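*Asks:* Got a structure here, written out as structure tokens. Questions coming.
The values are calculated or read from the model by the stated rules, or taken from the named source; none is laboratory data. From a predicted model like this one, the values you see are computed outputs, not experimental measurements. Virtual Cβ from ideal backbone geometry, glycine too; neighbours counted across all protein chains shown.
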Amino acid sequence: MQNTQHFRPTKAIIDLRAIKKNVSQLKEHLQPNVQIIAVVKANAYGHGDVEVARVALDSGATMLAVATPEEALHLRKHFPNTEILILGYAPESFATYAANENITLTVYSKDWVKQLDTQSFTKPLKLHIKVDTGMGRIGVTSVEDFLELHEVISSSSNIIVDGVFTHFATADEEAEEYFNHQTQLFKHYISLIPKPRLVHAANTATMLIKDASLQFDAVRFGISMYGLAPSTYVKNKLPFPLHTAFSLETELIEVKQIQTGQSVGYGATFTATEPSYIGTLPIGYADGLIRQHSGQHVLIDGIRVPIIGRICMDQCMILLPTAYNIGEKVTLIGSQKNEEITIDEWAQKVNTINYEIPCIITSRVPRIYHTK
Ligand SMILES: *Cc1c(COP(=O)(O)O)cnc(C)c1O
């Protein structure tokens with residue numbers, strides 16, 4: 001798939017069949033005519049934006065969403081006719097590019113709109129108004145600002161209100177009060193204007209476990225497209241099984257025996273209490289295996305073994321039960337025989353959420369795509 005040749009054995013394997021299944025199953029789960037917006041920001045949560053976008057569109061998604069102008073332009077090169085929405089901030093200076101490239105922008109300030117040089121647009125610029133109903137991030141926060149913004153856009157030529165949307169702060173939690181408050185507020189906002197083409201609110205958690213009426217015209221499918229649940233609460237209420245797409249593999253590049261009392265790594269923090277076999281892996285914190293992962297298990301020959309000592313920039317060491325051969329496969333995320341190391345396990349180890357794990361596996365780790 002890529003022209004680049006990879007010599008180092010460290011690689012992320014992306015199973016595009018899993019993404020295909022996740023999107024197809026979601027399509028079955030949704031109300032008819034609800035569009036799926038595939039959220040492929042941050043290089044598709046670290047999975048590879050173009051490849052994920054292609055399989056998502058082939059499996060039922062009809063639109064792509066990203067966070068930045070750069071991400072949108074990159075996808076536009078590969079998908080000349082697909083609708084692309086930028087969910088985050090774009091400066092006024094990008095608006096001309098957006099209009100010409102048919103990229104839809106998120107808007108929440110009338111001053112931003114007033115600065116646009118709409119006469120320079122070769123095509124009308126599509127805008128989605130963002131309403132902040134409780135996330136406190138971007139979006140209009142009063143009915144007055146909302147109506148003014150709507151009016152400014154509606155009365156200008158070359159720009160149109162193509163959509164209105166909001167984002168939930170607590171959709172993945174059991175407590176409903178905050179979520180219901182956001183829902184009611186959003187419904188109130190949209191009741192005040194003529195219905196635009198696309199009203200949308202649902203992130204993954206909302207579309208999977210909340211009332212179907214909140215699917216509106218479209219849903220923004222992010223984390224579970226990659227086979228990961230947004231939270232433990234949602235994981236226990238999934239309407240269909242998810243298939244994880246991301247795994248991380250490498251190979252042993254050195255194996256040595258050390259004696260009782262000998263140490264391993266910077267700071268000599270691991271000291272052998274018995275004669276031990278140590279394996280070296282060509283992956284380190286510059287690949288996204290951050291130092292807090294020390295102690296994390298990896299799989300070799302279907303057995304769990306720990307990363308020992310401090311993780312280096314480009315390498316780390318594992319404790320082996322026996323002298324495996326150089327070149328033996330090591331799975332950092334994924335399964336071998338009956339054992340599995342999940343992204344959720346990695347996230348727990350470093351006190352974060354699963355979203356963060358594939359995102360921070362750096363571009364030095366090639367993404368290899370499995371399609372069959
Ligand atoms: C990232 C993002 C999403 C996707 O969220 P998931 O929890 O991954 O489904 C949806 N909407 C907005 C505005 C986002 O920024």
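*Asks:* Return the only residue of Leu73, Leu64, Leu105 being part of a strand (DSSP E or B) and closer than 17 Å to Asn43 by Cα. Spell out how you get there, then give the answer.
*Replies:* On the way: Leu73 fails: part of a strand (DSSP E or B); Leu105 fails: closer than 17 Å to Asn43 by Cα.
The conditions single out Leu64.
*Asks:* So, in the stretch 109-129, exactly how many residues are within 11 Å of Asn158 (Cα to Cα), of a type in the set (Lys, Arg) and surrounded by 12 or more Cβ atoms within 10 Å (Cβ to Cβ)?
*Replies:* Keep residues of the stretch 109-129 that are within 11 Å of Asn158 (Cα to Cα), which gives 116-127.
Among the residues that remain, those that are also of a type in the set (Lys, Arg) are: 123, 126.
Within this subset, residues satisfying the condition of being surrounded by 12 or more Cβ atoms within 10 Å (Cβ to Cβ) are 126.
So the count comes out to 1.
*Asks:* Can you find, within the stretch 249-271, the residue that is farthest from Lys329 (Cα to Cα) among those that are in contact with a Lys or Arg (Cβ under 7 Å, 6 or more places away or on another chain) and part of a helix (DSSP H, G or I)?
*Replies:* From the stretch 249-271, those in contact with a Lys or Arg (Cβ under 7 Å, 6 or more places away or on another chain) are 249, 251, 265-267, 269; that's our starting set.
Within this subset, residues satisfying the condition of being part of a helix (DSSP H, G or I) are 266-267.
Details: Tyr266: 25, Gly267: 28 Å.
Among those that are in contact with a Lys or Arg (Cβ under 7 Å, 6 or more places away or on another chain) and part of a helix (DSSP H, G or I), it is Gly267.
*Asks:* Working only within the stretch 144-175, note down all residues that are assigned to a helix (DSSP H, G or I) and hydrophobic (A, V, I, L, M, F, W, C). Lay out the reasoning, then the answer.
*Replies:* Going through the stretch 144-175, the residues assigned to a helix (DSSP H, G or I) turn out to be 144-154.
Passing the criteria: Phe146, Leu147, Leu149, Val152, Ile153.
*Asks:* Filter the stretch 145-173 down to residues that are touching a His at 6+ places or on another chain (Cβ under 9 Å) and not polar (S, T, N, Q) and give me whichever is nearest to Gly88 (Cα to Cα). Full working, then the answer.
*Replies:* If we filter the stretch 145-173 for residues that are touching a His at 6+ places or on another chain (Cβ under 9 Å), which is where we start, we get 161-166.
From what is left, the residues that are not polar (S, T, N, Q) are 161-165.
On the way: Val161: 16, Asp162: 16, Gly163: 14, Val164: 14, Phe165: 12 Å.
Result: Phe165.
*Asks:* Sticking with this one: Mind listing just one residue for me: the one in the stretch 213-260 that is away from the ligand (no atom under 16 Å from the Cβ) and within 23 Å of Thr362 (Cβ to Cβ) and, of those, surrounded by the most Cβ atoms within 10 Å (Cβ to Cβ)?
*Replies:* For the stretch 213-260, the residue satisfying everything is Leu248.
*Asks:* Just to be sure before I move on: is Ala272 surrounded by fewer than 18 Cβ atoms within 10 Å (Cβ to Cβ) and not polar (S, T, N, Q) in the structure I sent? Show your work before the answer.
*Replies:* On the way: surrounded by fewer than 18 Cβ atoms within 10 Å (Cβ to Cβ): no; not polar (S, T, N, Q): yes.
In short, no.
*Asks:* In the stretch 324-371, which strands (runs of 3 or more DSSP E) lie fully inside it and hold 3 or more residues that are within 16 Å of Gln292 (Cα to Cα), of a type in the set (Gly, Ala, Ser) and in the same structural domain as Leu281 (by TED's automatic domain parsing)?
*Replies:* Per the criteria, no element qualifies.
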